[in-house]
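To start, the structure under review is shown below, and the notes come after it.
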Amino acid sequence: MNTRLLLLALPVLATSAFAQPPEIGQPLPPWREGELDIHHINTGRGDALFFILPDGTTLLEDASGKTLETAPFSLPSRPDASRPPGEWVARYVQRVMPPGHGGIDYALLSHFHGDHMGAITADSPLAANGAYRLSGITQVMESVPIATILDRGWPHYDFPAPIRNATVDNYRRFLDWQIRHHGLKVERFAPGRNDQIALLHAAGNYPGFEIRNLYGNGQVWTGKGNGTRELFPPLHTLGKDQQPIENILSNAFVIRYGRFDYFSGGDLSDERVAFPDRDGAWQQVERPVAEAAGPVDAMKANHHGSWDANSAAFLAALRPRVIVVTARAEGHPAVNTWHRLTSKALWPGERDIFVTHVSEATARTTYGIERQARSTQGHVVIRTAPGGDSYRVFVLDDGDERMRVKAVFGPYAAQ
């Protein structure tokens, strides 16, 4: 076979390999070149998403961490409570990391809440260097190197006001030490850009791939070039009780790979739901972010499926085929949110919903969730075929570290 014919055959071979789903009860097969993997890691303590991009570039979004463990934030730690959540995340990442990759290329913090970055408490252990304490993202980097970290605050951490608390103060000490000693690169997440998180190893092989930064800190992509527009009014015109809360400052992005699109938006919410007495449509950030993204194949539900997120307008604009709810409390997903997620009145298409954990209390109050959801326990992995024309969803057993496949869904045709 000449070189040209061999190159033409490679996509066929890759697609053929993708066409064979893994056996139930067996470990998830490793990522292959050309596939896009999206791992929704369930620790029971918060969000942690790990992306393996088609050329092997890696991205960690959030890293869970120690948080309140009293009701309603009392879901069981997974696999168990013998290690802190950030360590479980690091071990998971090490198991699925592409061969020959010694560390994480990018880490992105969606926003500055403990269940996304790792809360610091009085008993949080010190790092080996003694410069900061360990939880979430700082715990992950104790065992897995990270080349670049992006967040919404670098370098001043002063929007919408100076951010000072034990968790963020510790995170800033961590950044300072890692910059000085290990050359860590830190950037502020820049809405509108499609080159801030880029393929690093073989970008030329995947011209149909991009990560578009959609939103952060009140700025949303206009849909043209790298332009953005401001959603918030001048903050000095707002009263102290009208300032934007942390959740609606969350970074949001969309991944596009061929025909496949995936949305992630941290804890974005509709603050008019949470605070109906407040005046101003600017607090309804979900809708303009979703309109900037356009319809997607798959998404992570905003704010763990909480009652104040995943508004009707947001879902109607995205129209996802697959929805992953990363639960961290009883009431995730909330009853009203579940009704919106399953409503054919908002968008008529079929949809499959995967929840990383449904508590007994949630099952009692959210009628039909155990029957309607495609899964209610486990890590959720979305894997696209090379080129992004189709994808599958795997549910993995989160009770140990064997990565055993519990269920396989698809293949779905990307839209």
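The values are calculated or read from the model by the stated rules, or taken from the named source; none is laboratory data. Please read all numbers here as calculations on a predicted model, not as lab measurements. Because the Cβ atoms are built from the backbone with ideal geometry, glycine has one as well, and the counts that use them run over all protein chains shown. In case anyone asks, the SASA skips ligands and DNA or RNA and just uses the protein heavy atoms, side chains included. Shrake-Rupley method; radii C 1.70, N 1.55, O 1.52, S 1.80 Å.
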For this session: Would you list the helices (runs of 4 or more DSSP H) that sit entirely within segment 72-186 and hold 2 or more residues that are within 24 Å of ILE255 (Cβ to Cβ)?
Result: 85-96, 114-117, 137-143
Exercise. Do the conditions hold for ASN129, that is, is it farther than 23 Å from MET97 by Cβ, open to solvent by 40 Å² or more (accessible area, probe 1.4 Å), free of Cβ contacts under 8 Å to residues at least 60 places away in the same chain and touching a helix residue (DSSP H, G or I) at 6+ places or on another chain (Cβ under 7 Å)?
Worked result: yes
Exercise. Take the residues of segment 164-188 that are of a type in the set (A, V, I, L, M) and free of Cβ contacts under 8 Å to residues at least 40 places away in the same chain: which is most open to solvent (accessible area, probe 1.4 Å)?
Worked result: ILE179
Problem set entry | Elements of type helices (runs of 4 or more DSSP H) contained in segment 329-415, each with 2 or more residues being among the polar types (S, T, N, Q) | 335-342, 360-365
Exercise. Counting only residues that are of a type in the set (Ser, Thr, Tyr) and outside any loop (DSSP other than H, G, I, E, B), which one in segment 230-261 is surrounded by the fewest Cβ atoms within 10 Å (Cβ to Cβ)?
Worked result: THR237
Problem set entry | Evaluation of ILE369 against (1) within 16 Å of ILE24 (Cβ to Cβ); (2) modelled with pLDDT under 95 (one fails), failing number | (1)
For this session: Return the only residue of LEU268, LEU214 being crowded, with 16+ Cβ neighbours inside 10 Å, part of a strand (DSSP E or B) and touching a helix residue (DSSP H, G or I) at 6+ places or on another chain (Cβ under 7 Å).
Result: LEU214
For this session: Could you grab the pairs with beta carbons closer than 6 Å, sequence gap of 6+ or different chains, first residue in segment 141-163 and touching a residue at least 40 places away in the same chain (Cβ under 8 Å), second one among the aromatic types (Phe, Trp, Tyr)?
Result: THR148/TYR106; LEU150/PHE189; ARG152/PHE189; ILE163/TYR157
For this session: Output yes when any residue across segment 17-34 is open to solvent by less than 10 Å² (accessible area, probe 1.4 Å), of a type outside the set (Phe, Trp, Tyr) and at pLDDT 90 or above, and no when none is.
Result: yes
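Per-residue answers, yes or no, for (1) among the small types (Gly, Ala, Ser); (2) on the phi < 0 side of the Ramachandran plot:
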position: GLY46; (1), (2): yes, no
position: PRO54; (1), (2): no, yes
position: THR57; (1), (2): no, yes
position: PRO84; (1), (2): no, yes
position: PRO99; (1), (2): no, yes
position: SER110; (1), (2): yes, yes
position: MET117; (1), (2): no, yes
Exercise. Could we say that ASP398 is of a type in the set (Asp, Glu) and within 18 Å of THR326 (Cα to Cα) here?
Worked result: yes
For this session: May I ask you to say which residue of GLY378, GLY399 is open to solvent by less than 30 Å² (accessible area, probe 1.4 Å) and under 14 Å from ASN42 (Cα atoms)?
Result: GLY378
